[in-house]
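Worksheet: the structure to be examined is printed underneath.
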Amino acid sequence: MAVAHKGAISFGLVHIPVSLYRTTQDTSIAFHQLCKDTHERIKYKKYCAHCGKEVDSEDIVKGYEYEKDKYVVMSKEELEEIKTEKDKTIHILQFVKLEEVDAIYYEKNYYAFPDKHAEKAYELLRKAMFDKGVVAISKTVIGTKETLLALCPDKQGILVKTLFYEEEIVEMPKDIPHPKTVKAELDMAKQLIQSMTKPFDPSLYHDEYQEKLREAILSKVEGKEVVEANSKKETISSPMDLMEALTKSLATMNKPAKRKAVRH
């Protein structure tokens, strides 16, 4: 797995060299764009209107438009040159309780691994944060942006979560109404929640649509037609009273599972 970012965690005067690795991978099926008539791949060409020719990736540079049609060019080398060791360092700014950071601020996750000989300092920071029940709000430069981070300890190591800045968060487009609730309905809703509450097991969940998509693709590869997934279409029942819906839902959840007959 490729390293997404290299730097050092600055914890007071303690520097902990670390490497960040992505925590996720894209497992969805990728489709190519094809010509409707010939089924040939659609290709995108990078074209310079001034030169009148196609341009290769190595001949493309980054340019900032400071006035209309006027650019200042920044090469990859120049972008790296202006980064100091301080920019590459993950500076811990403060510690806060995890629940104090609103979930809307979280963006991406990375695993933080200590470099060689930094294991003890890394473990010291991880255990101290874990025991105190806090996360470290930090900053570093990733790519061309100074990124806000939350260093979150767990029993294994330190998970680094990138955060949005406050100015990047869009306000809700409109207020959500809060009509008065009826106690009986609220109690029933809480009972339904309780009946559906159990420890979280991520292995129980998977992308069922991707499975159906793979089956459909395999069918077409084998020259078969794609058939409808369900023989009977699901019907949406007409609206019912909220209390009636809660009562029926709770009755369904409390219904004992059918036991399989045991053959002797």
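Some notes on this structure:
- Proximal charge balance of residue 247 [Cβ under 12 Å; K/R count +1, D/E count -1]: -3
- Quotient of the Cα radius of gyration of the stretch 59-126 and 2.2 N^0.38 Å, N being its number of residues: 1.74.
- For residue 62, the residues whose modelled amide H falls within less than 5 Å of its own, excluding neighbours fewer than 5 places apart on the same chain, are 74.
- When the chain is treated as a GNM with alpha-carbon contacts under 10 Å, the residue of 52, 133, 12 showing the greatest mean-square fluctuation is 52.
- The largest accessible area among 10, 249 belongs to the first residue in 249, 10, and the rest follow in falling order (1.4 Å probe, all chains).
- Computed over the alpha-carbon pairs of the chain, the distance histogram in 5 Å steps reads 1, 4, 7, 8, 9, 9, 10, 11, 11, 10, 8, 6, 3, 1, 0, 0, 0, 0 percent, short to long.
- Candidates 15, 32, 91: whichever shows maximal mean-square fluctuation once the chain is modelled as a Gaussian network with Cα springs under 10 Å: 32
- For residue 127, the lysines whose Cα comes closer than 20 Å to its Cα, not counting residues fewer than 8 places off in the same chain, are 97, 116, 155, 161.
- Cβ-derived FRET efficiency at R0 30 Å, residue 175 paired with residue 130, nearest 0.05: 0.20
- Top of 16, 158, 82 by mean-square fluctuation, Gaussian network on the chain, Cα under 10 Å: 82
- Phi-derived couplings, Karplus 6.51 cos²θ - 1.76 cosθ + 1.60 at θ = phi - 60°, listed residue by residue for the stretch 210-223: 4, 4, 5, 5, 4, 5, 5, 5, 4, 4, 5, 4, 7, x Hz, with x used for Gly and Pro.
- Counting only chymotrypsin sites (Phe, Trp or Tyr not before Pro) that DSSP places in a loop and that have at most 10 other Cβ atoms within 10 Å, the longest clean stretch of the chain runs over 45-199.
- For the chain, taking a cut-off of 4.7 Å between Cβ atoms, the unpaired cysteines are 35, 152.
- Net charge of the neighbourhood of residue 217, taken over other residues with C-beta under 13 Å away and scored Lys/Arg +1, Asp/Glu -1, is 0.
- Cut-off of 10 Å, at most 12 other beta carbons, DSSP loop: longest stretch of the chain lacking such GluC sites (Glu not before Pro): 41-170
- Of all lysines in the structure, the ones whose alpha carbon falls short of 25 Å from that of residue 212, not counting any fewer than 8 places away in one chain, are 36, 220, 224, 232, 233.
- Under 19 Å from residue 43, Cα to Cα: lysines that are on another chain or at least 8 residues apart: 53
- Label sites at residue 164 and residue 27, each approximated as a point 7 angstrom past Cα along Cα to Cβ, lie 2.7 nm apart.
- With the simple model of a label 7 Å out from the Cα in the direction of the Cβ, residue 104 to residue 225 spans 4.9 nm.
The values are calculated or read from the model by the stated rules, or taken from the named source; none is laboratory data. Not measured: the values here are computed from a predicted model. Because the Cβ atoms are built from the backbone with ideal geometry, glycine has one as well, and the counts that use them run over all protein chains shown. Ligands, DNA and RNA are stripped out before the accessible areas are found, and what is left, the full protein with its side chains, is counted by its heavy atoms. Shrake-Rupley method; radii C 1.70, N 1.55, O 1.52, S 1.80 Å.
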